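Following: one structure in C-alpha cells, then a few remarks.
The values are calculated or read from the model by the stated rules, or taken from the named source; none is laboratory data. Computed from a predicted structure; not experimentally measured. Here Cβ is always computed from backbone atoms with ideal geometry, including for glycine, and neighbour counts include all displayed protein chains. Note: accessible area is taken over every heavy atom of the protein model, side chains too, but ligands, DNA and RNA are not part of it. Shrake-Rupley method; radii C 1.70, N 1.55, O 1.52, S 1.80 Å.
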Amino acid sequence: MTDRNGEATENVDATEDDADAEDDPRTAGYDEWLDAIEAGDGYALVCPSGHGSLPPRRVCPECGSTTLAREPLSDAGTVETFTVVHVPSPQFADDAPYVTAVVDAGPTRVTGVVRSDDRGGRNG
Amino acid sequence: MTDVRVAGVGLTRFGSHPDRAGRDLFATAALRAFEDAGVAREDVEALNYGNFMGALAEHQGHQAPLMAEAAGVRCPATRYESACASAGVAVREAVRTVRAGDADVVLAGGMERMTNLPTDEVTEGLAIAADDLFEVRAGVTFPGAYALMARAYFEAYGGGARGPRARRREEPRERGSERVRPVPPGGVRRRGARRAAGRGAAAPLRRLSDHGRRERLVLVSEEYATAHDLDAPVAVTGVGQRTDRLALADRAHLARTPAADDAADAAYAAAGVEAADVDVAEVHDCFTIAEVLAVESLGLADRGEGIAAARDGLTTADGDLPVNLSGGLKAKGHPVGATGGSQIAELTRILRGDHPNSEHVADAEVGVAHNAGGTVASAVVHVLEVAE
Ligand SMILES: [Zn+2]
C-alpha cells in the first residue's frame, strides 16, 4: 500500500535498497516529488479544504486534516517575488548569479531557481 | 505571579573576534553581567543559552554545559535554538521560569561566533534556518530570502525596487511564463570556494556587515531584588512568542510577518500596554526591509508605511519613536544566536539611562524588543518598563 505521499509504507527495505544504489541517500517523498517535477508531472498535496502543501507530509499544516490527495501543480506559475543571488552557499558556487523565485503554482507556492534554458523560461 | 527584573547586563564588544573561543567570550559577558547586577553567581538557578550555528562554526554541540562552567555557575543549563531568535527565546523562557516561581535568579543570553568562517560557509550556515528541502536546495540564502520579502513588499506597497530587473505583477505579459526548478543544474552536492564579491548579496539587497558577539542578562524575581537591595529598575512586563510556517513561500503574506504581529499582540496584552505607549524600540533589522516589517508588526507604523518611518524621521534617534538606538543589527553586527539577548540588554540600559544613547529618550518608560528567527518563522517580543 502507499500512503498519501505516494511512498511505500510497508516496504522500508526497498527504500533502503534504493538509497544504497544512489551516490546520495534519497529523501522519501521529496525525491519522488522532484522526479515528478522533472517529468512534468509536479504535484502538491491538497486537503479537503483546499490547502496545498509539499511532500513528505501527513498532516495539512494549515488545518490539521490527515486526508491529503495529490493535485497537479501548474506547469507555468505566476512569479510572486524573485531575487538575483550573487553570494551563494558553497553548493551553488558555480551557478551564481542566479535567480530564485517564489511562484504561485496553483495549489501551493513553489520556491525554485529560474533557468534560462527551461522551456518558456528566462532569467530574471 | 512575581514581577521580573533585569538585575544586570553584560556585553562583549561588537566586532570580529576570530581568535577567541566562544566559551571565553561568553565568560567575559557573564562576569560583566554579574558585576553589573550585584548578584552572586552561586544564586543562579538556571542558565538559558541561545546559540544557532555553533555546531558548524566551532564544531561544538552541547554548548550549554560548556557555557555554565565558563561562566562559573552550577545549575541546569540549556541551549535554545530558534535561528536568529535563539537568545530572545532563551530570555523569554527565563522570564517565564522566574514568573512561575521556579527560580529567583536566571542567567540568560547567547553567543555566536561567525567571523572565524569564510563568507561562503557563513552563508551556508545561515541558510539552514530556512527549509532545507524546499528553500536551501532551491538556492535560497538568508539575504536571498529577505530579498524575496523586500521585492514582495515593494510590489505590494511601493518604495524600493527600481532597478531595471524589477518587474511588476500587474504586467500581464510577464505572468505565467516562468518555469522554476527546485534544484540547480548538477544537483546540490558540488562544493566551491568562491568568496563574496563586494556587491550586493542578493538583489535588491546590498551587503553591509556581519559579525560576532555575546551577551548576558541576569533576571531576578522582584522579591529577590528587594531582599538583596538590588538596583534593578527595569522590569520585563510582557513576552510573546509565535511560530509561522518555516518556508517563506508557505506564509499567509510574503510582504508581512504574521508571527511578529501575533507575538507583539501577546506581549502588549501581557504588559497591559498598547503600541501607542511604546517610547523606544529595538527591532530585528538584519536587513533594512526587516526593520520595515518589524515596525509594522509592532504597530508602530501602519501597513505600507514602515518603509517611510525612518525617512520621515519618526524612528530616527531624535524622532518621536527612536528605533535601534543601539545601532541595530546591521550597524553593530548580527551574531545570530546572541542578538535577541543583546537587544534586551541594550534596551535595559537605554531605559535605565546609562546607555550612550539614553539621552535621546530621557523620559522613556516603555520599550519593546522584537527578535525574529529565519524569515520570521519564529518571532519573540519583549516589553520592558521602568518599574520604579
Ligand atoms: Zn487543510
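The single residue among A:Asp41, A:Asp31, A:Asp35 that is in contact (Cβ under 8 Å) with a residue 24 or more places away in the chain and either more than 9 Å from chain B (Cβ to nearest Cβ) or within 16 Å of the ligand (Cβ to nearest atom) (or both) turns out to be A:Asp41.
Has segment B:42-60 got any residue that is part of a helix (DSSP H, G or I) and more than 28 Å from B:Gly374 (Cα to Cα)? Before you say what the answer is, go through the steps one by one.
Taking segment B:42-60 first, the residues part of a helix (DSSP H, G or I) are B:42-43, B:54-57.
If we keep only those that are more than 28 Å from B:Gly374 (Cα to Cα) too, we end up with B:42-43.
Yes: one or more hits.
The residue of segment A:58-85 that is farthest from the other protein chains (Cβ to nearest Cβ), among those that are buried (at least 18 other Cβ atoms within 10 Å of the Cβ) and within 14 Å of the ligand (Cβ to nearest atom), is A:Leu68.
Taking the numbered list (1) within 14 Å of chain A (Cβ to nearest Cβ); (2) open to solvent by less than 10 Å² (accessible area, probe 1.4 Å) in turn, B:Val106 passes all entries but (1).
Considering segment A:44-57, and only residues there that are open to solvent by 40 Å² or more (accessible area, probe 1.4 Å) and under 20 Å from B:Leu248 (Cβ atoms), the residue that is farthest from the ligand (Cβ to nearest atom) turns out to be A:Pro56.
Out of B:Gly341, B:Gly327, B:Gly299, which single residue is under 23 Å from B:Gly50 (Cα atoms), open to solvent by 10 Å² or more (accessible area, probe 1.4 Å) and in contact with a helix residue (DSSP H, G or I) (Cβ under 9 Å, 6 or more places away or on another chain)?
On the way: B:Gly341 fails: open to solvent by 10 Å² or more (accessible area, probe 1.4 Å); B:Gly299 fails: under 23 Å from B:Gly50 (Cα atoms).
Among B:Gly341, B:Gly327, B:Gly299, only B:Gly327 is under 23 Å from B:Gly50 (Cα atoms), open to solvent by 10 Å² or more (accessible area, probe 1.4 Å) and in contact with a helix residue (DSSP H, G or I) (Cβ under 9 Å, 6 or more places away or on another chain).
If a residue must be out of contact with any His (no Cβ under 8 Å at 6 or more places or on another chain) and crowded, with 24+ Cβ neighbours inside 10 Å, how many such residues does segment B:348-375 contain? Walk me through it before giving the result.
First, pick out the residues of segment B:348-375 that are out of contact with any His (no Cβ under 8 Å at 6 or more places or on another chain): B:348, B:350-367, B:373-375.
Next, from what is left, pick out any that are crowded, with 24+ Cβ neighbours inside 10 Å: B:348, B:350-351, B:367, B:373-375.
Residues flagged as out of contact with any His (no Cβ under 8 Å at 6 or more places or on another chain) and crowded, with 24+ Cβ neighbours inside 10 Å within segment B:348-375 amount to 7.
Residues that are at pLDDT below 95 and among the hydroxyl-bearing types (Ser, Thr, Tyr) within segment B:141-156 comprise just one, B:Thr141.
If the condition is being part of a loop (DSSP other than H, G, I, E, B) and of a type in the set (Gly, Ala, Ser), then segment B:108-147 contributes B:Ala129, B:Ala130, B:Gly139.
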